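Q: If you scroll down you'll find the structure; I have some questions about it.
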Amino acid sequence: MRGNGHQVRICPGTPRGAGLTLRYLRIRTQFNALSGDSGDPSVMGPLKRARSAWHKNSYEILGLVNGGLPGFVHLPWSASPGFGVPVFHYHVVTPQALEADLCHLRTNGYTTLDGDAFLAHLRGDRPAERAVLLTFDDGPRNFFTVALPLLERFRARAMAFIAPGLHLDDASAEVLASPRRPMTWAELGRVHSSGLVDIECHTLESRYVPRWPE
């Protein structure tokens, strides 16, 4: 199987479809919200879920239609000098999907960057060949129970963006019962001690950040 200008290897033992070309991995990751990542389906109606999914993915959807997606999505990797570093964006993940993604990246020779390496790239340093950045938003306990063990297994680096005010050790029973409940500070400490994850600030209302003068 070929994709992005190089031979794409499929992970042994993975189901059909798990050995994705990286360009499809990129699109699939961007559209995770459409399958439920935009909120807890038990508390969000179909219309609200659709609106939330559109809010999170409208730029990617429009780019897919008008050809405005980054060259990484549709050009061969051999033309990569202008590609920069592709960024994968996750929220709540399933073990099967994340394992398939990480297996594909490792099997096909991709390097996962930490925050310092990505910042150096933004400042002009040339990244390692086939470098990608993995990011996880909102700090749900799902990151601790599902994502972290897989990151450790594959020795993959990542960045986790949390809103500190949401990570309460004395959270209500309703919050603790939610599949999207935030990690505790003890769990965040375990994530930090792994040495694989940079924990950064998400903010409660990140959509307003570009409007702030500072």
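The values are calculated or read from the model by the stated rules, or taken from the named source; none is laboratory data. What you are looking at is a predicted structure, and each value in this text was computed from that prediction instead of being measured. Here Cβ is always computed from backbone atoms with ideal geometry, including for glycine, and neighbour counts include all displayed protein chains.
Q: Test Ala147 against the stated conditions and say whether it is modelled with pLDDT of 95 or more, in a loop (DSSP other than H, G, I, E, B), crowded, with 19+ Cβ neighbours inside 10 Å and of a type in the set (A, V, I, L, M, F, W, C).
A: no
Q: Shifting gears a bit: Could you list all residues from the range 109-131 that are of a type in the set (S, T, N, Q) and buried (at least 21 other Cβ atoms within 10 Å of the Cβ)?
A: Narrowing the range 109-131 to residues of a type in the set (S, T, N, Q): 111-112.
Selection gives Thr112 alone.
Q: Can Pro70 be described as of a type outside the set (Lys, Arg), modelled with pLDDT under 75 and within 17 Å of the chain's Cα centre (by Cα)?
A: yes
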